[in-house]
Amino acid sequence: MILIAGDVSHDLQILRWTFQTLKQTFSEVAFVPGNHELWLDKSAAEGDKCADSIDKMERIIQLCLEEDIRIGPVKVGSLWIVPLLSWHHLSFDSEPPICSESWAGIPSASRTVKLGADYRKTVWPHPITPLDDSVAQLMDSLNDVILDFDNIDEWGEDATILTFSHFLPRVELLPEKRYLSLPTLPACSGSTFLESRLRELNEKMLSKTGGMKHLHAFGHSHLAYDLVVEDVRYVHVPLAYPREWEQRRRSLEIGTMAGDESHRRFPVSIWEKDTNFPSEWLGGWWSKYYTIMKREPHRTKELAPWVARRFKQRNSAAIVEDFNHVKMEMKHKLQHPSHWNAKGTWYAEKETMKDKKQNAS
């Protein structure tokens, strides 16, 4: 079985061909639409026949039913796979903005939304608008049709949950603003409704089973991740664009989706019948970083060198100086994989050695 977390194409004919091609290799295909699928584009063979993006969503669901693509919960062994619909919204970005007195030229979050393709290529009936939470709320409400919490007792006592979505459920699954080429990118990246939805599912299953394993796979960011936050493991395996693999391969590589030749990159296994979720950390450059370094979103006067060159530096602005040092430290520490646990959490060398001495005694 393969999970497709959206952004295949805005063209319904290409989407159908993709499903048919995948079904030739995989017994089951589960899918959630991304932002690209809901674009209305006259260059697409069928896109201009949709009245708005809600109509497009209905067409996509119908296409999935016709091609026997899973868009609702499906059980594989002891694993429940649950696709979750979502859309990004401005209030998802809960961290402070880069200081405008320090850096000029950074667009506001709302300006970033208006400049984005999602704003220009999606159409929503009044009063729904991407400039507030209404689109995200609408998309989240559709999950009530897909998820039947009233019959959750039928899910079994040994349930393991794998939820997946296109958008990010938490802002911690992006680098901090000072490291982003567009510091206002979080405004177009995720949904707090999505996080609430998967946590609701988590709590209901925990109360029922007394213990549960939960992995959430997501897409959209084009940054590989494998990070545990509050007992849920979050994984992103980006396919990305060819130019991105040429320009920043290291930030995309994770598990078997790695290498400088595209034909040697393969889908990453995130669950197997005999071994469950991967016992080892899969990779992801930025998730490496945040297992070593704490998140410091209050550093709003600083930008990383590759970000700073895009904007105008003003008084009190600073270039991040500790990043190269951290990179070297990470490179050295990652030569000792035994100091990492299954969740990808870093064990400091001195603590590891201390534990070894205690065990020996």
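The values are calculated or read from the model by the stated rules, or taken from the named source; none is laboratory data. This is a predicted model, so every value here is computed, not measured. Virtual Cβ from ideal backbone geometry, glycine too; neighbours counted across all protein chains shown. Calculation scope for accessible area: heavy atoms of the full protein, side chains included, ligands and nucleic acids excluded. Shrake-Rupley method; radii C 1.70, N 1.55, O 1.52, S 1.80 Å.
Restricting to the stretch 257-267, count the residues that are open to solvent by less than 70 Å² (accessible area, probe 1.4 Å) and either over 18 Å from W281 (Cβ atoms) or in a loop (DSSP other than H, G, I, E, B) (or both). Residues in the stretch 257-267 being open to solvent by less than 70 Å² (accessible area, probe 1.4 Å) and either over 18 Å from W281 (Cβ atoms) or in a loop (DSSP other than H, G, I, E, B) (or both): 3 in total. Starting from residues that are in contact (Cβ under 8 Å) with a residue 24 or more places away in the chain and touching a helix residue (DSSP H, G or I) at 6+ places or on another chain (Cβ under 7 Å), keep the ones in the stretch 298-324 and report whichever is nearest to E172 (Cα to Cα). Per the criteria, the residue is R299. Number of residues in the stretch 217-256 that are assigned to a loop (DSSP other than H, G, I, E, B), within 21 Å of W80 (Cβ to Cβ) and modelled with pLDDT of 95 or more: the value is 2.
Restricting attention to the stretch 157-180, does a residue exist that is open to solvent by 30 Å² or more (accessible area, probe 1.4 Å), modelled with pLDDT of 95 or more and assigned to a helix (DSSP H, G or I)? Looking through the stretch 157-180, at least one residue is open to solvent by 30 Å² or more (accessible area, probe 1.4 Å), modelled with pLDDT of 95 or more and assigned to a helix (DSSP H, G or I). Among the candidates E253, E302, the residue that is under 24 Å from H166 (Cβ atoms), open to solvent by 30 Å² or more (accessible area, probe 1.4 Å) and among the acidic types (D, E) is uniquely E253. Checking E296, E280 one by one, the residue that is under 20 Å from the mean Cα position of the chain (by Cα) and loosely packed, with under 15 Cβ neighbours inside 10 Å is E280 and no other.
Can you confirm whether Y225 is over 23 Å from T163 (Cβ atoms) and open to solvent by less than 40 Å² (accessible area, probe 1.4 Å)? Judged against the criteria, Y225 is not a match. Of the strands (runs of 3 or more DSSP E) lying entirely inside the stretch 16-134, those containing at least 2 residues that are touching a Gly at 6+ places or on another chain (Cβ under 9 Å) and at pLDDT below 95 span 79-83.
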